[in-house]
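Notes follow once the structure below has been shown.
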Amino acid sequence: MKRWFRWGAIFLAAGCLLAVGVYLYGSHSEPYRFSEQWVRQSAEVREKVGEVKRTHLSISGVFSDEFKGDVREARVSSVVEGDKGSVIASMWLEKRGDDPWVVVRCRFDPN
């Protein structure tokens with residue numbers, strides 16, 4: 001019984017460390033910084049939440065950053081809080097070579 005408890009505690013701690021690591025990497029990544037800038041400048045976001053007061057990486061959302069040949073694709077989910085409320089912005093981003101990031105698709109979900 002003690003062995004199972006010990007292994008369970010080890011797996012739980014490893015899972016928590018992995019989640020914290022992904023969150024820290026994601027919140028300091030290039031795709032996240034671009035998405036944060038994009039939501040602050042987006043007219044569609046201002047229409048939904050008003051002036052953007054705060055953004056942060058969504059814990060319940062998705063974060064991915066991968067290369068496919070010379071194309072870098074990322075998916076970022078951010079909580080966007082403003083004067084009128086908040087939404088979760090799920091963005092699909094793409095960057096080709098040295099070109100700037102482009103928002104390929106964005107979906108807004110209630111927070």
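The values are calculated or read from the model by the stated rules, or taken from the named source; none is laboratory data. All figures in this text were calculated on a predicted structure; none of them were measured in a lab. Quick reminder, even Gly has a Cβ in these numbers, built from the backbone with ideal geometry, and neighbours come from all protein chains shown.
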Within the stretch 52-111, residues touching a Phe, Trp or Tyr at 6+ places or on another chain (Cβ under 8 Å), of a type outside the set (A, V, I, L, M), buried (at least 16 other Cβ atoms within 10 Å of the Cβ) and more than 17 Å from SER29 (Cα to Cα) come out as CYS106
**Asked** For the stretch 36-46, does any single residue satisfy the condition of being out of contact with any Ser or Thr (no Cβ under 9 Å at 6 or more places or on another chain), among the β-branched types (Val, Ile, Thr), within 15 Å of ASN111 (Cβ to Cβ) and in contact (Cβ under 8 Å) with a residue 12 or more places away in the chain?
**Response** yes
The number of residues in the stretch 74-111 that are among the β-branched types (Val, Ile, Thr) and in contact with a Leu (Cβ under 9 Å, 6 or more places away or on another chain) is 5
Could you check, for the stretch 62-84, whether at least one of its residues is under 15 Å from the mean Cα position of the chain (by Cα), outside any strand (DSSP E or B) and not acidic (Asp, Glu)?
yes
In the stretch 7-61, residues that are closer than 18 Å to SER86 by Cβ and assigned to a loop (DSSP other than H, G, I, E, B) total 7
Flagged pairs (Cβ under 6 angstrom, 6 or more apart or on separate chains; first in the stretch 54-72, of a type in the set (D, E, K, R); second in a strand (DSSP E or B) and at pLDDT 90 or above) are ARG54/GLU81; ASP65/ALA74; GLU66/GLU73; ARG72/LYS95
